[in-house]
1. Rounded to the nearest 500, what is the chain's calculated 222 nm mean residue ellipticity when only DSSP H runs of at least 4 contribute -39500 (n - 2.57) each, over all residues?
2. Around R83, under 12 Å between beta carbons, what's the net of Lys plus Arg minus Asp minus Glu among the other residues?
3. Roughly speaking, what is the centre-to-centre gap between segment 46-89 and segment 1-40 when only Cα atoms are used, to the nearest Å?
4. What is the magnitude of the charge dipole of the chain about its Cα centre, with +1 placed on the Cβ of each Lys and Arg, -1 on the Cβ of each Asp and Glu, and no other charges, expressed in debye to the nearest 20?
5. Express the accessible area of segment 1-53 per residue in Å², computed with a 1.4 Å probe while the remaining protein chains stay in the model.
6. Can you tell me the 0 to 90 degree angle between the C-alpha axis of helix 2-88 and the longest principal axis of the chain, rounded to 10?
7. Given [x] 3.13; [y] 1.33; [z] 1.06, which label gives Cα Rg over 2.2 N^0.38 Å as computed from the coordinates?
8. To the nearest 0.05, what FRET efficiency results for I82 and I53 with a Förster distance of 35 Å applied to their C-beta separation?
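The values are calculated or read from the model by the stated rules, or taken from the named source; none is laboratory data. Note that the coordinates shown come from a computational prediction; the quantities given were computed from them, not determined experimentally. Counting neighbours? That spans all protein chains shown, and the Cβs are built from the backbone with ideal geometry, glycine included. Side chains are part of the model used for accessible areas, which takes the heavy atoms of the whole protein and leaves out ligands, DNA and RNA. Shrake-Rupley method; radii C 1.70, N 1.55, O 1.52, S 1.80 Å.
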Amino acid sequence: MTTERWTDEMMDDLAATVDRTTRNIEQTNRNVDMLVGAVNALLERDSQRDEEIRRRNEDFQQYKLENDQRFNTLLEEVRFLIRKLGDNQ
């Protein structure tokens, strides 16, 4: 009888430990899900930032190309005017 009662108590303790462990595992799973969500949000934000940087770089390259073309046109006009002034003297 004493052994039977001791076994019942041990089984109750074991069941309580299993329940507590199950709750801890469930909480850990929820925490992991939240962390995965946070990491995914950061990755998405980084991806959007990288796309914005790429787009701005393309815009800058286009702006630089247009400015280089304008500069070359103005340089040619200045050279033309210098030659014209030299011819008039």
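1. Working: 1 runs with 87 residues, N = 89.
Counting only the DSSP helices, I get -37500 deg cm²/dmol.
2. Values: positive: R79, K84; negative: E76, E77, D87.
Net local charge, R83 excluded: -1.
3. 69 Å
4. On the way: 14 positive and 20 negative charges, 197 e Å.
Roughly 940 debye for the chain.
5. Values: 4840 Å² over 53 residues.
That works out to 91 Å² per residue.
6. Tilt relative to the chain: about 0 degrees.
7. [x]
8. On the way: r = 42 Å, r/R0 = 1.20.
After rounding to 0.05, the efficiency reads 0.25.
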